[in-house]
1. Residue-wise, which Karplus ³J(HN,Hα) couplings in Hz belong to region 101-106, taking 6.51 cos²θ - 1.76 cosθ + 1.60, θ = phi - 60°, and x for glycine or proline?
2. Which ³J(HN,Hα) values, rounded to whole Hz and listed in residue order, are derived for region 66-73 from phi using the Karplus coefficients 6.51, -1.76 and 1.60 in 6.51 cos²θ - 1.76 cosθ + 1.60 with θ = phi - 60°, glycine and proline given as x?
3. Dipole size in debye (nearest 20) for the chain around its Cα centre, Lys and Arg Cβ +1, Asp and Glu Cβ -1?
4. Can you compute 3J(HN,Hα) from phi for each residue in region 10-22, using the Karplus curve 6.51 cos²θ - 1.76 cosθ + 1.60 with θ = phi - 60°, rounded to whole Hz and x for Gly and Pro?
5. Most fluctuating residue of Ile59, Ile72, Ile106 in a GNM of the chain with Cα springs under 10 Å: which is it?
6. Suppose R0 equals 30 Å. What FRET efficiency, 1/(1 + (r/R0)^6) with r the Cβ-Cβ distance, do Asp61 and Ser29 give to the nearest 0.05?
7. Given 0.36 nm per residue, what is the gain on full extension from Leu107 to Val75 after removing their alpha carbon distance, in nm?
8. Which residue, Gln38, Ser102, Val75, has the largest displacement toward the positive end of the dipole of the chain when charges sit on each Cβ (Lys, Arg +1; Asp, Glu -1)?
Amino acid sequence: YIEVELYRTIVGNTEQAQYVGYETIIPDSSGNWTITFQNLPKNDANGNSFIYTVKERQIDDYVSTVTGDQDIGYVITNSIPRTPPTADRIHIWPTIMILSISLITILIIGFKKFEKE
């Protein structure tokens, strides 16, 4: 399930979003996740029009993106953020091999110099 919060602002004053409430959404038998908020007032007591927006409550390990508007509807997309690649063990082996060969070469050269003396 996901929880979607509903907010409203007055047209022209988008700085003061007012929390309206939230709904819990579960997928239907076809796997579709939809919700319709109903019976919402269009205007405040002074006749100012409301704009409604939605926000998904945080889900661990996911990033939520909201697109759309109140006229066409909102689409909430959850995605798992890409983690930066880490050093792979395969990349370590060439370095270890080069260092080992270098160390062996230095030891052989040192041993040959020691034999000559």
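The numbers here are math on the coordinates, done by the rules we state, and not lab data. Fair warning: this is a prediction, and the values are worked out from it, not measured in the lab. Cβ atoms come from the backbone with ideal geometry, glycine included; neighbour counts cover every protein chain shown.
1. These are the phi-based 3J(HN,Hα) values: 4, 4, 5, 4, 4, 4 Hz.
2. Ordered by residue, 3J(HN,Hα) equals 10, 10, x, 8, 5, 7, 9, x Hz.
3. Values: 9 positive and 14 negative charges, 157 e Å.
Dipole of the chain, to the nearest 20 debye: 760 debye.
4. Result, ordered by residue: 8, 3, x, 9, 7, 7, 10, 6, 9, 5, 9, x, 9 Hz.
5. Fluctuation is largest for Ile106.
6. Numbers: r = 27 Å, r/R0 = 0.88.
For Asp61 and Ser29, the calculated efficiency is 0.70.
7. Numbers: separation 32, 0.36 × 32 = 11.52 nm, distance 6.63 nm.
Extra length from Leu107 to Val75 when fully extended: 4.9 nm.
8. Ser102
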